[in-house]
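One structure is given below, encoded as structure tokens.
The values are calculated or read from the model by the stated rules, or taken from the named source; none is laboratory data. Quick caveat: nothing in here was measured; it's all calculated off a predicted structure. Every residue, glycine as well, gets a Cβ built from its backbone with ideal geometry; the counts of neighbours run over all protein chains shown.
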Amino acid sequence: MQTTAEDLVGARTTGTSFVGRRDELAAVRTLLGASRLVTITGSGGSGKTRLAEEVVRRLARSLDGDAGVAYLADATEPDEVVDLVAAAVGMRGGGDPHDALVGYLRGRRFMLVLDNCEHLHASAANLARDLLAGCPDVTILATSRRPLLVPGEQLFPIEGLRDDAAIALFTDRVRLASPSFVLADEQRAIADALCQRLDGMPLAIELAASRLRPLGLAAQMRFLSSAKPHALIEPDGLWMPESEDANPVKLACK
């Protein structure tokens, strides 16, 4: 059975375009051709999930088999990892869920994305190990802040976006709220400094862009220049200047 991009079981609709990471897309695809377990590693907000989703979406039409995504951040208990993966591969039925899952995938060609493995690291690693051992036609693309430490694992660390890619993401996300926005030449240096101040982290850039009025670039940068690199993101809200002359105000993240 040939999978299409629309057939990825469990994959969530992002509603936004994928920006940058061209080299990373190609590199991960190459690694998946040589290893049955590739783990994209990086800090929170670096874009691991989005990269993994995009890799599998682009591979979907050429896959000789099926593909699915299991978002392990949805699990609160270790036993729920198997249930989430079972849903991602389209398995239904009773019995011991772990053994049933291995049996269901044995003999099937399947590309499985295990997202946010650090959330329940031991359970994710154990399941990945057992699937690789018992299901020779299963390939796993994992995302995690740390390696799974499973035999045969190929690591692919990523960092924040750099230069043009960071600016492109920032501009694209600003246009979601202000479709007519054009980054003027005199604003380019400010936007570049803003992205660098955020270490090029896609999540931080997206949050900044979604709450930034086009005329607030300079004021936003003035605030960040006196704050820690990720001060833009707070647990209960986001700091941003309301205008060029206003003091920073805190807005709740809804």
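Would you point out which residue out of Asp172, Asp163 is within 17 Å of Glu54 (Cβ to Cβ) and at pLDDT below 95?
Within the list Asp172, Asp163, the selection yields Asp172.
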For the stretch 36-66, how many residues are within 25 Å of Pro136 (Cα to Cα) and either surrounded by fewer than 17 Cβ atoms within 10 Å (Cβ to Cβ) or basic (Lys, Arg) (or both)?
7
Does at least one position in the stretch 88-96 carry a residue that is assigned to a helix (DSSP H, G or I), touching a helix residue (DSSP H, G or I) at 6+ places or on another chain (Cβ under 7 Å) and not acidic (Asp, Glu)?
yes
For the stretch 182-202, the count of residues that are surrounded by fewer than 18 Cβ atoms within 10 Å (Cβ to Cβ) and among the hydrophobic types (A, V, I, L, M, F, W, C) equals 5
For the stretch 148-167, give me the residue count where each residue is β-branched (Val, Ile, Thr) and under 17 Å from the mean Cα position of the chain (by Cα).
1
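To keep it simple, each residue is scored yes or no on (1) without any contact (Cβ under 8 Å) to a residue 40 or more places away in the chain; (2) among the small types (Gly, Ala, Ser); (3) within 22 Å of Thr30 (Cβ to Cβ); (4) not assigned by TED's automatic domain parsing to the domain that holds Met201.
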position: Leu63; (1), (2), (3), (4): no, no, yes, yes
position: Leu72; (1), (2), (3), (4): no, no, no, yes
position: Pro78; (1), (2), (3), (4): no, no, no, yes
position: Val82; (1), (2), (3), (4): no, no, no, yes
position: Asp96; (1), (2), (3), (4): yes, no, no, yes
position: Phe110; (1), (2), (3), (4): no, no, yes, yes
position: His121; (1), (2), (3), (4): yes, no, no, yes
position: Leu127; (1), (2), (3), (4): no, no, no, yes
Would it be correct to say that Phe170 is within 24 Å of the chain's Cα centre (by Cα), of a type in the set (Phe, Trp, Tyr), over 23 Å from Gly65 (Cβ atoms) and buried (at least 20 other Cβ atoms within 10 Å of the Cβ)?
yes
What residue, among those in the stretch 30-68 that are part of a strand (DSSP E or B) and closer than 18 Å to Leu155 by Cβ, is farthest from the chain's Cα centre (by Cα)?
Leu37
Among the numbered criteria (1) in a helix (DSSP H, G or I); (2) modelled with pLDDT of 90 or more; (3) more than 20 Å from Ala168 (Cα to Cα), which one does Ala26 miss?
(3)
Confirm whether Ser17 is surrounded by 21 or more Cβ atoms within 10 Å (Cβ to Cβ) and out of contact with any His (no Cβ under 9 Å at 6 or more places or on another chain).
no
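Name the helices (runs of 4 or more DSSP H) wholly within the stretch 126-218 that hold at least 2 residues that are out of contact with any helix residue (DSSP H, G or I) (no Cβ under 6 Å at 6 or more places or on another chain) and of a type in the set (D, E, K, R)?
Here the list reads 163-177, 185-197.
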